[in-house]
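Taking it in order: structure first as structure tokens, then the write-up.
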Amino acid sequence: MSAFKTPIGRVRGRGSAKDGTQTFWHQRLTALALVPLAVLFIGFMIALTGDDYATAVSMMRSPVVSVLMLMFLLIGFYHMSIGLAHVVEDYVHWELGKIGLIVAIKLGCLGLALACVLSVIKLSFGSAA
């Protein structure tokens with residue numbers, strides 16, 4: 001396998017970072033998982049068209065709906081963080097700015113995901129008014 005390395009690569013002893021394919025597959029698998037979850041989410045929103053808040057809360061108290069909503073949100077925010085970080089890695093060339101943006105993206109997606117999870121949990125257990 002060392003025949004495929006460049007001379008400078010053999011001297012430095014550095015190989016593949018082994019990170020690109022993992023994020024590639026994570027993004028593809030999350031995209032695949034989001035297809036049925038997005039269809040269910042859109043169907044849920046269409047079913048709630050014209051209904052009041054109490055009806056929405058009563059539907060969210062179903063464990064199946066709550067779990068599917070949490071799956072949609074968590075997988076969606078993870079997918080978004082991977083995609084936005086990839087865009088920053090490709091198009092931001094200033095290293096310090098790249099690191100700062102990626103940290104901001106990861107923390108922002110984590111914060112938004114936690115806020116959404118808290119909202120779904122509050123609705124599903126009935127403590128939201």
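Each reported figure results from applying straightforward, stated rules to the coordinates on display, with no laboratory input. Note that the structure is predicted; figures quoted are calculated from it, not measured. Heads up, the Cβs are rebuilt from the backbone with ideal geometry, glycines too, and the neighbour counts pull from every protein chain shown.
Phi angles across the range 115-122 convert, under the Karplus curve 6.51 cos²θ - 1.76 cosθ + 1.60 with θ = phi - 60°, into 3J(HN,Hα) values of 5, 5, 4, 4, 5, 5, 5, 5 Hz, Gly and Pro given as x. Each label was represented as a point 7 Å from its Cα along the Cα-to-Cβ direction; for F24 and D52 these points are 5.4 nm apart.
Sequentially through the range 98-103, phi angles give Karplus couplings (6.51, -1.76, 1.60; θ = phi - 60°) of 4, 5, x, 5, 5, 5 Hz, Gly and Pro residues having no value and appearing as x. Which of rounded, prolate or oblate describes the range 21-125 when judged by the alpha-carbon gyration tensor and an a/c cut-off of 1.5? Verdict is prolate for the range 21-125. With neighbour counts taken as other beta-carbon atoms within 10 Å, the residues V35, V65, V120 rank, fewest first, as V35, V65, V120. Among E95, E89, the order by Cβ neighbours within 10 angstrom, fewest to most, reads E95, E89.
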